[in-house]
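**Student:** Quick one: the structure is below, questions incoming.
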Amino acid sequence: EIALDPRLTPAQNAQRYYKRYNKAKTAESELSRQINLAESELEYLKSVLDSIDKAESESDLMEIRSELYQSGYASRMKQYKEQKVKKSKPLAFQTTNGFKVLCGKNNLQNEYITHKLASKNDVWFHVKNLPGSHVVMFCGDSEEEPPETDFTEAAVIAAFYSKASEAK
């Protein structure tokens, strides 16, 4: 049974229910969009928190502040003025067989080593579904795959510099 308003005609009652339906449908899609945006922002903030945990120097912290400023969080950072930041360098390692491995300490470094330094022959590592560093093993122009031990060493670096290292 559907309750009808006796003051309205059947067509007006139908129109009223149709408007309510459309309003609910729009609200549902907008709510889904807002939830997705909030989840994306939460993931970003988790990655920033992970970067803060990995920061080793004032320069690392200044890079993170700059990133937050550029991401629009400056309005929430009282009395922050962007300063020229001396860029810190990603962590550098060398595998057993001599392959160079770089590990980003924050989102800016992750972006830099993944999209600016790495080429198509290099191998990218990242822990799945957790905040963490991007790790790139530079293979040079060689078309041959590095030995398995080098892959394992680079994967261990990626796991160590992620939230997976805190897993029990």
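The values are calculated or read from the model by the stated rules, or taken from the named source; none is laboratory data. Keep in mind that what you see is a predicted model, and the values were worked out from it rather than measured. Glycine also receives a Cβ, built like all others from the backbone with ideal geometry; neighbour counts cover every protein chain displayed. When the accessible area is computed, the model is the full protein with side chains, heavy atoms only, and any ligands, DNA or RNA have been set aside. Shrake-Rupley method; radii C 1.70, N 1.55, O 1.52, S 1.80 Å.
**Student:** How many lysine pairs does segment 88-168 hold where the Cα atoms are under 20 Å apart and the two sit 8 or more places apart or on different chains?
**Tutor:** 10
**Student:** Taking only Cα atoms, what is the 0 to 90° angle, nearest 10, from helix 58-68's long axis to the longest principal axis of the chain?
**Tutor:** 30 degrees
**Student:** Multiplying the sequence separation of SER57 and GLU111 by 0.36 nm and subtracting their Cα-Cα distance, what value in nm do you get? Each step should come with its number before you reach the end.
**Tutor:** On the way: separation 54, 0.36 × 54 = 19.44 nm, distance 1.97 nm.
Fully extending the segment from SER57 to GLU111 adds 17.5 nm.
**Student:** Follow-up. Can you compute the modelled spin-label distance between ALA14 and LYS128, with each label point 7 Å from Cα toward Cβ, in nm?
**Tutor:** Between ALA14 and LYS128, the label points sit 5.2 nm apart.
**Student:** Assigning unit charges at the beta carbon (Lys, Arg +1; Asp, Glu -1) and nothing else, what dipole magnitude in debye, to the nearest 20, does the chain show about its Cα centre? It would help to have the intermediate numbers written out before the result.
**Tutor:** Details: 24 positive and 25 negative charges, 254 e Å.
The dipole of the chain has a size of about 1220 debye.
**Student:** Which aspartates and glutamates does LYS84 reach when only Cα atoms under 15 Å apart count, and residues fewer than 8 places away in its own chain are ignored?
**Tutor:** Reachable aspartates and glutamates: GLU58, ASP60, GLU63, GLU67.
**Student:** Sticking with this one: Between ASN121 and ASN97, what is the label-point separation in nm under the 7 Å Cα-to-beta-carbon projection?
**Tutor:** Result for the modelled spin labels: 1.3 nm.
**Student:** Also, I was wondering about something else. Rounded to the nearest 0.05, what FRET efficiency do GLU1 and ALA38 have when you use their Cβ-Cβ distance and R0 = 45 Å?
**Tutor:** E(calc), rounded to 0.05, equals 0.70.
**Student:** With a 10 Å cut-off between alpha carbons and a GNM built on the chain, which of ALA92, ALA154, ALA11 moves the most?
**Tutor:** Maximum fluctuation in the GNM of the chain, among the listed residues, is at ALA11.
**Student:** At 1.4 Å probe size, with the rest of the protein present, what percent of the exposed accessible area of the chain is carbon and sulfur atoms? Could the numbers behind the result be given before it?
**Tutor:** Numbers: 6680 of 12050 Å².
Carbon-and-sulfur percentage of accessible area, whole number: 55.
**Student:** Could you give the accessible area per residue of segment 98-168, probe 1.4 Å, as a whole number in Å²?
**Tutor:** On the way: 4160 Å² over 71 residues.
Averaged over the residues of segment 98-168, the accessible area is 59 Å².
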